[in-house]
1. Provide the per-residue ³J(HN,Hα) series for the stretch 130-136, in order, calculated from phi with Karplus coefficients 6.51, -1.76, 1.60 and θ = phi - 60°, each as a whole number of Hz, with x at glycine and proline positions.
2. Which of rounded, prolate, oblate describes the chain, given a ≥ b ≥ c as roots of the alpha-carbon gyration tensor eigenvalues and a/c under 1.5 marking rounded, otherwise prolate only if a/b is larger than b/c?
3. Which loop-located GluC sites (Glu not before Pro) does the stretch 67-172 contain, where loop means any DSSP state but H, G, I, E or B and the Cβ has at most 12 other Cβ atoms within 10 Å?
4. Aspartates and glutamates within cross-link reach of K22: Cα-Cα under 14 Å, excluding same-chain residues under 8 positions apart?
5. Karplus couplings for the stretch 49-55 from phi (6.51 cos²θ - 1.76 cosθ + 1.60, θ = phi - 60°), rounded to Hz, Gly and Pro as x?
6. Considering only DSSP beta bridges with both partners in the stretch 2-141, what is the antiparallel share in %, to the nearest 5?
7. Excluding same-chain residues fewer than 8 positions from K83, which lysines have a Cα within less than 20 Å of its Cα?
8. Test of understanding: in a Gaussian network model of the chain with alpha carbons linked when under 10 Å, which of A130, A110, A52 would top the mean-square fluctuation ranking?
Amino acid sequence: MTNLHDYIRDIPDFPKPGIVFKDITPLLAHHGAFQACIEQFAHSIEGVPCDAVVGIESRGFLFGTALALAKGVGFIPVRKPGKLPHDVVRQEYTLEYGTDTVEMHRDAIAPGQSVVIIDDLIATGGTAGATVELIEQVGGRVAAMRFLISLDFLPWRDRLGDHDASALLTFS
Ligand code: AMP
């Protein structure tokens with residue numbers, strides 16, 4: 001089986017000192033690794049109700065769109081403020097210093113629909129937690145959350161309640 005770890009590159013001190021950035025571009029560039037990654041995502045949500053995949057800007061779009069095609073469902077983008085053209089729902093969340101906001105089209109999910117959230121990486125859980133709130137604001141159900149990478153030395157689970165959340169690769 002392809003070891004996805006082999007295709008993640010650590011970039012120390014990017015984008016600022018003290019951060020080790022997990023660079024996923026080697027994985028994207030390798031057809032076999034990218035395909036194995038999407039297969040592993042699909043396998044990880046077998047049996048999970050999934051009417052659509054929700055991807056978080058921007059690297060969540062890369063994995064989320066491919067997974068949506070593999071599962072035969074639609075894709076819904078969650079974006080940074082001011083990018084979506086139609087009526088949006090908005091959720092603010094706290095960062096270490098300050099706040100950030102995510103938006104989604106209000107009509108993207110019908111009440112009662114089940115979705116799976118996808119992103120490349122979960123660190124503090126702030127972005128994914130705010131995405132859960134967005135989906136619940138419009139009456140959607142978060143059936144699962146999947147990440148390529150989780151940074152398990154950070155308390156991201158605290159921000160996700162009891163949701164089914166896991167990663168293909170964990171770093172502790
Ligand atoms: P958080 O809201 O803290 O869970 O951060 C998750 C978002 O920030 C994801 O969309 C990631 O793409 C990005 N991110 C956070 N930390 C890193 C890291 N060390 N390497 C790459 N991306 C990161």
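1. My calculation for the stretch 130-136 gives 5, 5, 4, 4, 4, 5, 6 Hz in order.
2. It comes out oblate by the Cα gyration axes.
3. Passing sites in the stretch 67-172 are E96.
4. Reachable aspartates and glutamates: D6, D10, D13, D119, D120, D152.
5. Computed from phi, the couplings for the stretch 49-55 are x, 8, 7, 6, 9, 9, x Hz.
6. 55
7. Partners found: none.
8. A110
The values are calculated or read from the model by the stated rules, or taken from the named source; none is laboratory data. What you are looking at is a predicted structure, and each value in this text was computed from that prediction instead of being measured. Note that each Cβ is placed from the backbone with ideal geometry, even for glycine, and that neighbours are counted across all protein chains shown. Surface areas here come from the heavy atoms of the whole protein model, side chains and all, with no ligands, DNA or RNA. Shrake-Rupley method; radii C 1.70, N 1.55, O 1.52, S 1.80 Å.
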